[in-house]
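Since the structure comes first, as structure tokens, the remarks are kept for the end.
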Amino acid sequence: MIETPTREILWNIQHPANVVLMYSLFVFSLLIAGFGLFRRVELWRAGPSYSDKTDSLTRLVKMIQWGILQKGVIRERSAAIAHTLVYIGFLTLLFTTTMVFIDHDLGIKIYHGDFYLIVTLLSDILGLGVLIGCGIAAHRRYILKADMVHNRLADGLILSLLSILIVQGFILEGLRIHATNDPWALYSPVGLLVAKFFWSLSPSATSSLHFVFWWVHTITVFSVFAIAPYTKFFHIVASVFNLYWKDWAKPKGRIRSPGDIASLIEKGEEFQIGLGTIKDYNFKQRLDLDACTSCGRCQDACPAY
């Protein structure tokens, strides 16, 4: 009889206490993230009203083109490779996690057979791509020191957390492969390579190490999820909203007229041109601030910089 390709979900973590604690931590991180999202949205809504002439269908199409399909990033060659590797890699890992959830938690058994092998192989290859992408981004930021890139502590923290998550995942996979002697390990090439480093460990030692690493990884994942609305990670959400609310009907480069400045001066009354305080920023402009990642493309295109 030929065994159906799959793997045991939550191997080594099956005790009910572990499962309850895991979901409790998830709910806790969800509440923290939800509060952060709520505060952000309230800040956007506190600004003056915003309106434009773009219809909803155009908004949706543009959001997909520029947000989901990354049209703007692909056009920017210098950073396109790194960002694309990270973006596609994490989308794949998110898809894999969703499949595990559907299979294990919803009881819809889809994570097996050829589908399991394909998803597992893609997760390994594209997960490695995330590490490569982070490496390229770090090289561009800290070695090449591109003029348009500003180096802040938060930027390094983001790259470090992304890399740590991937490395933890591969270590976990390697420990599981070594402990279970996974017959389908060839479809997890990176995990199989990592498993070679644990060849001298006994089954019990491997199981114990896997248990510890699993909790470290889980806490790291939930922590990143919880802090996302408070860090640059939030641009993942804010940029999509920002693209939807963008005034696509406005001619590119058009600047709003400040009015007849000479007439205002002659009147001798106090007047304001542009934005003076945060209270002057409308809904869309506040959203712009959260969507911005300080990538430097604005200053690169600015003739006055």
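Is it the case that residue 98 is surrounded by 15 or more Cβ atoms within 10 Å (Cβ to Cβ), under 18 Å from the mean Cα position of the chain (by Cα) and in a helix (DSSP H, G or I)? So residue 98 does not fit the description; no.
Among the residues of segment 22-44, what is the count of those that are touching a helix residue (DSSP H, G or I) at 6+ places or on another chain (Cβ under 9 Å) and under 30 Å from residue 179 (Cα atoms)? Within segment 22-44, residues that are touching a helix residue (DSSP H, G or I) at 6+ places or on another chain (Cβ under 9 Å) and under 30 Å from residue 179 (Cα atoms) number 3. Evaluate segment 214-228: report whether one residue or more is assigned to a helix (DSSP H, G or I) and within 30 Å of residue 301 (Cβ to Cβ). Checking segment 214-228: at least one residue is assigned to a helix (DSSP H, G or I) and within 30 Å of residue 301 (Cβ to Cβ).
Between 31, 37, the distinction of being surrounded by 14 or more Cβ atoms within 10 Å (Cβ to Cβ) and under 26 Å from residue 163 (Cα atoms) belongs to 37 only.
For segment 200-213, a residue qualifies if it is in a helix (DSSP H, G or I) and either among the charged types (D, E, K, R) or out of contact with any Lys or Arg (no Cβ under 7 Å at 6 or more places or on another chain) (or both), and the qualifying residues are 203, 204, 205, 206, 207, 208, 209, 211, 212, 213. Of all the criteria given as (1) crowded, with 17+ Cβ neighbours inside 10 Å; (2) out of contact with any helix residue (DSSP H, G or I) (no Cβ under 6 Å at 6 or more places or on another chain); (3) free of Cβ contacts under 8 Å to residues at least 40 places away in the same chain; (4) not small (Gly, Ala, Ser), the one not satisfied by residue 180 is (3). When we screen 116, 50 for residues that are of a type in the set (Phe, Trp, Tyr), touching a Ser or Thr at 6+ places or on another chain (Cβ under 8 Å) and surrounded by 14 or more Cβ atoms within 10 Å (Cβ to Cβ), the only hit is 116. Within segment 197-216, the set of residues being at pLDDT 95 or above and either aromatic (Phe, Trp, Tyr) or under 16 Å from residue 124 (Cα atoms) (or both) comprises 197, 198, 211, 213, 214, 215. Taken together, the criteria place residue 111 among residues that are among the aromatic types (Phe, Trp, Tyr), in contact with a helix residue (DSSP H, G or I) (Cβ under 6 Å, 6 or more places away or on another chain) and modelled with pLDDT of 95 or more. Looking only at residues of segment 25-81 that are part of a loop (DSSP other than H, G, I, E, B) and touching a Lys or Arg at 6+ places or on another chain (Cβ under 6 Å), we find that the one that is nearest to residue 294 (Cα to Cα) is 47. The requirement of being charged (D, E, K, R) and not in a helix (DSSP H, G or I) is satisfied by residue 109. Note on segment 101-139: residues that are closer than 28 Å to residue 23 by Cβ and within 23 Å of the chain's Cα centre (by Cα) amount to 10. Every residue in segment 12-34 that is out of contact with any His (no Cβ under 8 Å at 6 or more places or on another chain) and in contact (Cβ under 8 Å) with a residue 12 or more places away in the chain, please. The answer is 13, 22, 25, 26, 28, 29, 30, 32, 33. Residues of segment 58-73 that are surrounded by fewer than 16 Cβ atoms within 10 Å (Cβ to Cβ) and in contact (Cβ under 8 Å) with a residue 60 or more places away in the chain: 58, 60, 68. Taking the condition of a type outside the set (D, E, K, R) and either crowded, with 16+ Cβ neighbours inside 10 Å or modelled with pLDDT under 95 (or both), does residue 125 pass? No.
Somewhere in segment 115-133, is a residue acidic (Asp, Glu) and in contact with a Pro (Cβ under 7 Å, 6 or more places away or on another chain)? Within segment 115-133, one or more residues are acidic (Asp, Glu) and in contact with a Pro (Cβ under 7 Å, 6 or more places away or on another chain).
The values are calculated or read from the model by the stated rules, or taken from the named source; none is laboratory data. Fair warning: this is a prediction, and the values are worked out from it, not measured in the lab. All Cβ positions, glycine included, derive from the backbone under ideal geometry; neighbour counts span all protein chains shown.
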